[in-house]
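What follows is a short report on a single structure.
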Amino acid sequence: MFRSATASSLASRFFISINHPRIAPLTIPLASFTNHAPIPANGTNHLHQNGSSKDDYNRHKQRTAGPLHFIAASSFLSWFSKKSDDENTPESQLITIIKRSILSIQKEEYQKAEQMLHLALKMAQDLQSKDGITYIYDIMANLAMEVGDFAKAEKLFVNVMQRLFSDGFLEDHIKMLHISSKVAHLAQLQGHLDKATQGFEWTLAKLEEKLKQLGDDNGKEIRELWGITKNWYAQLLMESKRFAEAKQAFLQAYEAYTEIHGMLTEEGLTILNNLSVACSNLEDYASAERFLKEAIALAAQIPDLSEAGVYKANLGLLYLQQGLLRQASEFCTFAWRYGKQHKHEETVQQASYCLEQIKAMEK
């Protein structure tokens, strides 16, 4: 005889809600720096929310490219007022070392990148390149964020902000707002939810003011940062069990992201997955199923997408919660095989949990 699935029977593990580190303002040219600005001075038992702690962030980072993977190696050239075609000049040598440090980060050779950045910083200081020093601190901050050293990252981002302030940048400049968004996200990752809430809401308000001023035609960069910040804010709302607000924030983030990058991206599918988690916690199972099925259909068009198995497992768990054991078994079995085939540990874990629950309910 089957038992119906209840909220308590799925306690502490239901959906994986992915905090995708690649959805980061570093998609914006270097001028954006880090994407986190000044913090103003003045889940349910079903949810497994990834990215809300250092361990979760690092586990997820192992299977996705981090924010720095979006840095255009040549974008920092705009920070240097003097450029030279002579590769033997100190300025050109500095640029080369910075490029190599970024390449090392992209290859996940973090210790090598750290060493190069310290060398680059010494060179920039010797050259008295104020912009170069600021940019190097920004890369260091992002590197610290990439490896999960959030306190160090926050300290470096604050340093970057102070340097920008001293250069005459206002608190609502796009560079400052990029940094503000990241600092708020770092506060969230460290569990400082009140500080994160304050930072996200301040940043979003400033971005919305700018969007009104610029209009849709001239605000692409602002709109992208607004969407990124909305996504991070939605994750914070999930942690705070404000699921209705989180659903709306994820919807807004998804609309902004796909408007700029299209629908066939891993980042967009991550937002869809997390949107389904919010709907599930609201017991809006029809919407949760619709968003997951949309993510699965789009994932099928992206070759070798490791997260595809997670979406299948989540759909199986959604059916499990509703007591639909046949459908749950179908999707979780597929997810387990997919995870094994692609060596995707989190998919295997989710699917295994689902299959274990099905067996327990069939007794």
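Residues that are surrounded by fewer than 21 Cβ atoms within 10 Å (Cβ to Cβ) and assigned to a helix (DSSP H, G or I) within segment 140-155 comprise Ala151, Lys152, Lys155, listed in sequence order. Checking each residue in segment 116-139 for being outside any helix (DSSP H, G or I) and surrounded by fewer than 20 Cβ atoms within 10 Å (Cβ to Cβ) picks out only Gln128. Residues of segment 301-343 that are open to solvent by 40 Å² or more (accessible area, probe 1.4 Å), among the aromatic types (Phe, Trp, Tyr) and over 11 Å from Cys354 (Cα atoms): Phe334 alone. Taking the numbered list (1) open to solvent by less than 70 Å² (accessible area, probe 1.4 Å); (2) in a helix (DSSP H, G or I); (3) modelled with pLDDT under 50; (4) out of contact with any helix residue (DSSP H, G or I) (no Cβ under 6 Å at 6 or more places or on another chain) in turn, Thr96 passes all entries but (3). When the test is whether a residue is more than 16 Å from Ile95 (Cα to Cα) and at pLDDT below 95, Asp131 does not pass it.
Scanning segment 205-228 for residues that are modelled with pLDDT under 85, open to solvent by 40 Å² or more (accessible area, probe 1.4 Å) and not charged (D, E, K, R) yields Leu214, Asn218.
Looking across Leu298, Leu275, one residue alone is in contact with a Leu (Cβ under 9 Å, 6 or more places away or on another chain), at pLDDT 95 or above, surrounded by 21 or more Cβ atoms within 10 Å (Cβ to Cβ) and within 30 Å of Gly219 (Cβ to Cβ). It is Leu275.
Residues in segment 191-204 that are open to solvent by less than 60 Å² (accessible area, probe 1.4 Å) and not small (Gly, Ala, Ser): Leu193, Thr197, Phe200, Trp202, Thr203, Leu204. Out of all the residues in segment 247-258, is one or more within 30 Å of Glu221 (Cβ to Cβ), assigned to a loop (DSSP other than H, G, I, E, B) and open to solvent by less than 60 Å² (accessible area, probe 1.4 Å)? Checked segment 247-258: no residue is within 30 Å of Glu221 (Cβ to Cβ), assigned to a loop (DSSP other than H, G, I, E, B) and open to solvent by less than 60 Å² (accessible area, probe 1.4 Å). Of the residues making up segment 156-189, those that are open to solvent by 10 Å² or more (accessible area, probe 1.4 Å) and of a type in the set (Val, Ile, Thr) are Val158, Ile174.
The values are calculated or read from the model by the stated rules, or taken from the named source; none is laboratory data. Please read these numbers as outputs of a predicted model, since none were measured by experiment. A quick note on method: Cβ atoms are made from the backbone with ideal geometry, for glycine too, and the neighbour counts reach across all protein chains shown. When the accessible area is computed, the model is the full protein with side chains, heavy atoms only, and any ligands, DNA or RNA have been set aside. Shrake-Rupley method; radii C 1.70, N 1.55, O 1.52, S 1.80 Å.
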